[in-house]
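One structure below.
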Amino acid sequence: MTRLKSLLLEKIQEHRPRIQKLTKEFADVVIDQVTISQTIGGARDIHSLVTDISYLDPQEGIRFRGKNIPETFAALPKAAGGEYPTVEAFWFFLLTGDIPTQAETDEVLADFQSRAKVPPYVFEVLRAMPKDSHPMAMLSTAVLAMQKDSIFASKYHETKKNDYWDTMYEDASNLVARLPEIAAFIYRLKYKNGDIIAPKPGLDMGANFAHMMGIAKPYDDVARMYFILHSDHESGNVSAHATHLVASALSDAFYSFSAGLNGLAGPLHGLANQEVLDWIMGFQKKLNGAEPTEENVKQALWDTLNSGHVIPGYGHAVLRRTDPRYTAQMEFCLKHLPNDPLFKLVNTIYKVAPGVLTEQGKTKNPWPNVDAQSGVIQWYYGLKEYDFYTVLFGVGRALGVLANITWDRALGYPLERPKSVTTAMLEEWAAKGGRK
Ligand code: CMX
């Protein structure tokens, strides 16, 4: 057993009594109440999910295992010659909450390499898809195609509930290890005439992804930063929640993560990174060569709002400030591409959009989220096919959601099944002033 897996088992055994105590001794303690507005309005802010892998504070932003983004980057072992930690080190940290040593990180790298064998039928399935399939549909299909090899599913009847986490961990690790090659394959198949670049043994995930994409340094660091930043945002967002929900039926990691990817592909969630670039391209086309200014950006933002559309990359269901994932990427841009025209335009939008959204008065959060900044970096390094951007988000998101469903099985979290009501019931409770 690897050090990661044995440490994970120790952590699981330590954690189980805490959940057992809460459910046995404190089952009826009330921690929340639900309003009609929350029931109709997408269950916003109802405290009904548990995870210890990340926590999202509306003001502070994300903490992974208790560490904010700068603390996470500072604490984890860096890639050789890189500025960012390896994805392998981060995976160890997400699963266990411990900072791995270099030796432990190297062991994850070796373990991933032994797992990173994408079955040939996945490439056949991808090649058979219509050429104009969206890259997210391709990624989700590739993940689902691998379900037939799920260890969790094949051993389900012979596995005791207490050990479900083990086969889930095996599937989750296999998936994480294979996703970069699948994503790079989709990219090269779709946009580079099928000129596929084979993986290179010995490289960490970020470096190998950059290699398979055919993009030179420092894209290896971009990939590491990008996958880590997009990994987890607690459990209520659509991709995490969809993955968790499907896994709660004891569906395996392939079924569950494919479902999560389908949610990530929506324009209000992960597809927003594509939408941001689409908005910028449309805006630049309208400018017809003129300089972007605060005035013409403001006008374009109002045009978008007045046409009934959202401003992509702005707003958030939980955050009430600039997303620290936006800030982390902005810092990268300030260091590596300070004079890039697209970066400058994104900064101009940042100056203007919060004011426009505040003046419009609808959104609870006028500040940018992760998607407002992420495409600029990809574009700068030559990845201009922006309908691919959500795939990058998906590869990163796998780390968080697959770590979560492994822990879901370890802690025996049950089938998720909220209760629905009818409109007439709500009307009756509204008239009585509550459900009495
Ligand atoms: N532009 C225009 N209107 C916006 C807006 C934006 N960026 N953000 C929110 N609003 C509107 C909502 O559409 C809603 O309008 P209605 O009352 O007409 O339905 C109103 O403001 C209130 O919404 P909210 O409570 O502030 O935000 P929600 O929790 O409902 O939605 C989100 C959150 C992210 C879907 C929304 O802010 C949005 O659509 N943003 C643009 C898309 C985007 O960037 N998504 C990516 C989020 C990060 C990620 O998951 O990747």
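If R0 is 41 Å, the Cβ-Cβ spacing of Val50 and Tyr121 corresponds to a FRET efficiency of close to 0.65.
Using heavy atoms of the protein chains and a probe of 1.4 Å, the accessible area assigned to Lys432 is about 90 Å². 3J(HN,Hα) along region 208-220, derived from phi through the Karplus expression 6.51 cos²θ - 1.76 cosθ + 1.60 where θ = phi - 60°, amounts to 5, 5, 4, 4, 5, 6, x, 10, 6, 3, x, 5, 4 Hz, with x in place of Gly and Pro. Solvent-accessible area of Trp379, all protein chains in place: 60 Å² (probe radius 1.4 Å, heavy atoms, ligands and nucleic acids excluded). Across region 128-141, coupling constants 3J(HN,Hα) worked out from phi with the 6.51/-1.76/1.60 Karplus curve, θ = phi - 60°, read 7, 6, x, 4, 8, 5, 6, x, 6, 5, 5, 5, 4, 5 Hz, and Gly and Pro carry x. Cut-off 19 Å, label point 7 angstrom out along Cα-to-Cβ of Ala216: give me the residues of region 314-354 whose amide nitrogen falls inside. Counting only backbone N, you get 336-340. Counting only Cβ charges, +1 for Lys and Arg and -1 for Asp and Glu, the dipole size of the chain around its Cα centre is about 460 debye.
Extension gain, Ala75-Lys384: 0.36 nm per intervening residue step, less the Cα-Cα distance, totals 108.0 nm. With a cut-off of 10 Å between beta carbons, the residues surrounding Trp367 carry a summed charge of +1, where Lys and Arg count +1 and Asp and Glu -1.
For Gly61, nonlocal amide neighbours, meaning residues 5 or more places apart or on other chains whose placed amide H falls under 5 Å from its own, do not occur. Using heavy atoms of the protein chains and a probe of 1.4 Å, the accessible area assigned to Glu427 is about 120 Å². Legend: calculated FRET efficiency, Lys24 to Met1, from the Cβ-Cβ distance at R0 = 35 Å, rounded to 0.05, equals 0.70. Extending 7 Å from Cα along the Cβ direction at Ala249 and again at Leu268 yields two label points whose distance is 2.2 nm. Taking every protein chain into account, the accessible area of region 355-409 amounts to 27 square angstrom per residue (probe 1.4 Å). Summarising the amide proton neighbourhood of Tyr314: residues at separation of 5 or more, or on other chains, whose placed amide H is nearer than 5 Å comprise Asn369. Computed 3J(HN,Hα) for region 374-380, one whole-Hz value per residue from the Karplus formula 6.51 cos²θ - 1.76 cosθ + 1.60 where θ = phi - 60°, is 5, x, 4, 5, 4, 4, 4, glycine and proline marked x. Surface analysis of region 124-225 yields an accessible area of 42 Å² per residue, using protein heavy atoms and a 1.4 Å probe. Computed over neighbours whose Cβ is under 11 Å from that of Thr51, the net charge equals -3, Lys and Arg +1, Asp and Glu -1. For a straight C-alpha distance cut-off of 30 angstrom, the lysines reachable from Lys131 (same-chain residues fewer than eight places away being disregarded) are Lys117, Lys148, Lys190, Lys192, Lys200, Lys217, Lys285, Lys286, Lys384.
Set the Förster radius R0 to 35 Å, insert the Cβ-Cβ distance between Asn162 and Val34 as r into 1/(1 + (r/R0)^6), and round the FRET efficiency to 0.05. The pair Asn162/Val34 has a calculated efficiency of 0.60.
Fully extending the segment from His15 to Lys351 would add 116.4 nm, taking 0.36 nm per residue of separation and subtracting the current Cα-Cα distance.
Protein heavy-atom accessible surface, 1.4 Å probe, per residue over region 43-107: 44 Å². Ordered from highest to lowest accessible area with the whole protein assembly present and a 1.4 Å probe, Met213, Met129 read as Met129, Met213.
Ranking Leu402, Gln373, Pro418 by how far each Cα lies toward the positive end of the dipole of the chain (charges on Cβ) leaves Pro418 at the top.
Between Lys364 and Glu83, the distance separating the two model label sites (each 7 Å from Cα on the Cα→Cβ line) works out to 3.5 nm. Surface listing: Glu107, Glu170, Glu295, Glu88 arranged by accessible area from highest to lowest gives Glu295, Glu107, Glu170, Glu88, probe 1.4 Å. Ranking Thr327, Thr86 by solvent-accessible area of protein heavy atoms (1.4 Å probe, all protein chains present), from largest to smallest, gives Thr327, Thr86.
Here the simple spin-label model places points 7 Å from the Cα toward Cβ, and for Ile197 and Asn339 these points are separated by 2.7 nm.
Percent of accessible area on the chain owned by carbon and sulfur, 1.4 Å probe? The nonpolar share, carbon plus sulfur, comes to 55 percent.
The values are calculated or read from the model by the stated rules, or taken from the named source; none is laboratory data. If you're wondering where the values come from, they're calculated on a predicted model, not measured in any experiment. Counting neighbours? That spans all protein chains shown, and the Cβs are built from the backbone with ideal geometry, glycine included. Only protein heavy atoms, including side chains, enter the accessible area calculation; ligands, DNA and RNA are left aside. Shrake-Rupley method; radii C 1.70, N 1.55, O 1.52, S 1.80 Å.
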